[in-house]
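The values are calculated or read from the model by the stated rules, or taken from the named source; none is laboratory data. The structure presented is a predicted model; accordingly, all values stated were derived computationally and were not measured. So basically every Cβ, Gly included, is an ideal-geometry build from the backbone, and we count neighbours across all protein chains shown. Note: accessible area is taken over every heavy atom of the protein model, side chains too, but ligands, DNA and RNA are not part of it. Shrake-Rupley method; radii C 1.70, N 1.55, O 1.52, S 1.80 Å.
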Amino acid sequence: MSGTFVGMPAFPVAAHEAVHNSTLRGNLRHATHTIRAKREKAVAEVSDWAALREAGKQIKDHTLRHLDRYLVQLEEAVTAAGGVVHWAADADEANRIVTALVRMTGETEVVKVKSMATQEIGLNEALEAAGIHAYETDLAELIVQLGKDRPSHILVPAIHRNRGEIRDIFAREMGAWGRPAPEGLTDTPAELAEAARLHLREKFLRAKVGISGANFMVAETGTLVVVESEGNGRMCLTLPETLISVVGIEKIVPSWRDLEVFLQTLPRSSTAERMNPYTSMWTGTKDGRAGEGDGPGTFHLVLLDNGRTDTLADEVGRQALRCIRCSACLNVCPVYERAGGHAYGSVYPGPIGAILSPQLRGTGSEIDASLPYASSLCGACYEVCPVAIDIPEVLVHLRERIAEGGPATRDGNRVLLKPAKGHAAERAAMRAARWAFSHPGALRGGQRLASRTRRFHPRTLPGPGRAWSATRDLPEVPAESFRDWWQRTRGGKDVTK
């Protein structure tokens, strides 16, 4: 993945500064609560939401089980429609392919519609190193790019910025990138949007090359789908002569009938809309299809692996590949709301990032080894996920891998991971708990001892545990265990004997 976030400290360290930034926390709290409330209303309108959710899960699981077959079908369909398919095993290969394709056109500028895959591989930086300027056209991505910032949310990358900050960024930076911001620009949404529209219109009309991602790819027809709310995507997809789409291999669905499910669940889960204002679909090139129409004269599809087949090999972790990037899990997560997206050290923040990034990148770095612990395991993320990814289950699974080590797949090879440093106490505690739970007599004796000495228990934990109990009440031990209470009040049978 991209080197943009490499070298970041572990999540607790990275989040420490964020939780003390009152402006950031205020911005996040306001935005996430607003989106969350709107989503609840939009979902409540659908009487068969649970059935749609299950259908989305089943479609994704079926596709992942037969990914090899559907990817070949997609390649054949795209090629038949006049497109060219490229396969990229990792970020470096994808960047080389895209850079070479842009150079073949002779252009030194490209316009982009928001694509998390290109952020994942650090494409903008690779193009810049080759003397090619990439201009983001999504409003939030434009704010991030002009502010020399990083995305902090899947749906709203500039969620950590308020209107005053955006106005200052536009006024200070727009002139260096193209058309400057109007004189006397205020922080009213209409004026900010108009400033961005005028700035971007110049880019759209001049660009000969567009770069996009895709929300979905339909295997049976080779059709790619981009859903967005501003119209910038449609401009990128129809005006440039050459279109290059970089898409993760997991974004495929078998048929148009399958796509119908996600076009209901994605907008409601992301923008809380019944349908996306702009749903753009294209199949190959305008010359490769029967009849006339809009679209590129040259189309290249770069299918990106970059750790996805390694993730697919994990029976528990592979469910992360169901993700349709709706961001619902971020908007309900108490950890994300307080720490923000930057602390996750990845283009994929929040709960989904905590399970996806360590699988795509591995757990060798400090930040990736800490991400599975960036959760309270409250389960709110699972409840709102439109494709029923059990994020808490995967988090616990990854925690075990980090603390205990064990078999995993990296770069297509089965390897045996060593336990990560700093988890010796955790391993000892888990092994002690396993022994106690497998010896009921010892467990009962320990419970009785704890109950009888409860008045001597400290109110805070000693040593490293002090960090936990400094902000939490240490639970009191009950006067008797549930098992003893049951036997005393109901005459229950002692199952330990």
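If you add up the charges near Arg25, with Lys and Arg at +1 and Asp and Glu at -1, over every other residue whose beta carbon is less than 12 angstrom from its beta carbon, what do you get?
Value of the local net charge: 0.
Of all accessible surface on the range 50-183 at a 1.4 Å probe, what whole percent is carbon and sulfur?
Carbon plus sulfur share of accessible area: 51 percent.
For the range 1-150, what class follows from the C-alpha gyration tensor (a ≥ b ≥ c being the square roots of its eigenvalues): rounded when a/c is under 1.5, otherwise prolate if a/b is larger than b/c, else oblate?
oblate
From the phi angles alone, apply the Karplus equation (6.51, -1.76, 1.60; θ = phi - 60°) to the range 299-308 and give each ³J(HN,Hα) in whole Hz, x where the residue is Gly or Pro.
10, 10, 10, 9, 8, 9, 8, 6, x, 6
Could you tell me how many degrees, from 0 to 90 and to the nearest 10, lie between the Cα long axis of helix 391-404 and the main elongation axis, the longest principal axis, of the Cα atoms of the chain?
70 degrees
Kindly report, to the nearest 10 Å², the accessible surface of Trp177 as traced by a 1.4 Å probe over protein heavy atoms only.
Surface open to solvent at Trp177 totals about 70 Å².
Could you work out the per residue convex hull volume over the alpha carbons of the range 372-432, in cubic angstrom?
Cα convex hull per residue, to the nearest whole number: 113 Å³.
What's the magnitude of the charge dipole for the range 354-497 around its Cα centre, counting Lys and Arg as +1 and Asp and Glu as -1 at the beta-carbon? Answer in Debye, nearest 20.
Charge dipole, the range 354-497, about its Cα centre: 820 debye, nearest 20.
How much accessible surface area, in Å² rounded to 10, belongs to the heavy atoms of Ile249 with a 1.4 Å probe?
10 Å²
At 1.4 Å probe size, put Met281, Met104 in order of accessible surface, largest to smallest.
Met104, Met281
Around His86, which amide H atoms from residues at least 5 apart in sequence, or from another chain, sit under 5 Å from its own amide H, with H modelled in the peptide plane?
Under 5 Å from the amide H of His86: Leu301, Val302, Leu303.
Which value in deg cm²/dmol, rounded to the nearest 500, describes the helix-derived mean residue ellipticity at 222 nm for the chain, given -39,500 (n - 2.57) per DSSP H run of n ≥ 4 and division by the residue count? Before the final figure, lay out the partial values.
Working: 23 runs with 246 residues, N = 497.
Helix-only estimate at 222 nm: -15000 deg cm²/dmol.
Working out 0.36 nm times the residue gap between Asp473 and Leu198, then minus their Cα-Cα distance, what length gain in nm do you get to one decimal?
93.5 nm
Cα to Cα, under 21 Å, and not fewer than 8 places away if on the same chain: which lysines meet these conditions relative to Lys148?
Filter leaves Lys112, Lys114, Lys203.
For the range 3-52, what ratio Rg/Rh do Cα atoms give with a Kirkwood hydrodynamic radius? If you can, show how the numbers build up before the last one.
Working: Rg = 17.2 Å, Rh = 14.0 Å.
That ratio equals 1.23.
Give me the percent of DSSP beta bridges within the chain that run antiparallel, rounded to the nearest 5.
Beta bridges within the chain, antiparallel portion: roughly 35 percent.
Rounded to the nearest 20 Debye, what is the dipole magnitude of the chain about its Cα centre when Lys and Arg each give +1 and Asp and Glu each give -1 at the C-beta?
That gives a dipole near 2520 debye.
Dipole magnitude of the range 427-497 about its Cα centre, charges +1 at Lys/Arg Cβ and -1 at Asp/Glu Cβ only, in debye to the nearest 20?
In debye, rounded to 20, the range 427-497 gives about 160.
Which value, in Å² rounded to 10, gives the accessible area of Leu301 with a 1.4 Å probe and all protein chains present?
0 Å²
Name the cysteines of the chain that stand alone by the Cβ rule: no other cysteine Cβ under 4.7 angstrom.
When partners are defined as cysteine Cβ atoms under 4.7 Å apart, the chain leaves Cys236, Cys323, Cys326, Cys333, Cys378, Cys385 without one.
What residue among Ile402, Leu416, Ala428 has its Cα farthest toward the positive end of the dipole of the chain, where the charges are +1 on Lys, Arg and -1 on Asp, Glu, each on the Cβ?
Of the listed residues, the answer is Ala428.
Rank these by accessible area, largest first, 1.4 Å probe: Val396, Val387.
Sorted descending by solvent-accessible area, the residues read Val396, Val387.
Note down the Stokes-Einstein diffusion coefficient of the chain in µm²/s, whole number, using a Kirkwood radius over alpha carbon pairs, 10 °C, and 1.306 mPa s.
64 µm²/s
To one decimal place, what Kirkwood hydrodynamic radius in Å is obtained for the range 404-463 from all pairs of distinct Cα atoms?
14.9 Å
Can you divide the C-alpha Rg of the range 151-191 by 2.2 N^0.38 Å and report the result to two decimal places?
1.24
Ignoring ligands, DNA and RNA, what percent of the accessible area of the range 426-497 is carbon or sulfur (1.4 Å)? Before the final figure, lay out each step's value.
Details: 3570 of 6010 Å².
Answer for the range 426-497 is 59 percent, counting heavy atoms of protein chains only.
Using a 1.4 angstrom probe on the protein heavy atoms only, could you order His86, His153, His457 from most to least accessible area?
Reading off the accessible areas and sorting them downward yields His457, His86, His153.
What is the local net charge at Pro358, summed over the other residues whose Cβ is closer than 13 Å to its Cβ (Lys, Arg +1; Asp, Glu -1)?
Details: positive: Arg361, Arg399, Arg401, Arg410; negative: Asp310, Asp314, Glu366, Asp368, Glu400.
Spelling it out: positives minus negatives among the neighbours equals -1.
Quick one: net charge of Phe437's neighbours, Cβ under 15 Å, K/R +1, D/E -1?
Residues near Phe437 contribute +4 overall.
With every protein chain present, what is the per residue accessible area of the chain (1.4 Å probe, Å²)? All intermediate terms of the calculation are to be shown ahead of the outcome.
On the way: 23570 Å² over 497 residues.
Value returned for the chain: 47 Å² of accessible area per residue.
Rounded to whole Hz and in sequence order, give me ³J(HN,Hα) for the range 266-282 from the Karplus expression 6.51 cos²θ - 1.76 cosθ + 1.60, θ = phi - 60°, writing x for Gly and Pro.
Computed from phi, the couplings for the range 266-282 are 5, x, 5, 7, 9, 9, 6, 10, 5, 8, 6, x, 10, 10, 9, 10, 9 Hz.
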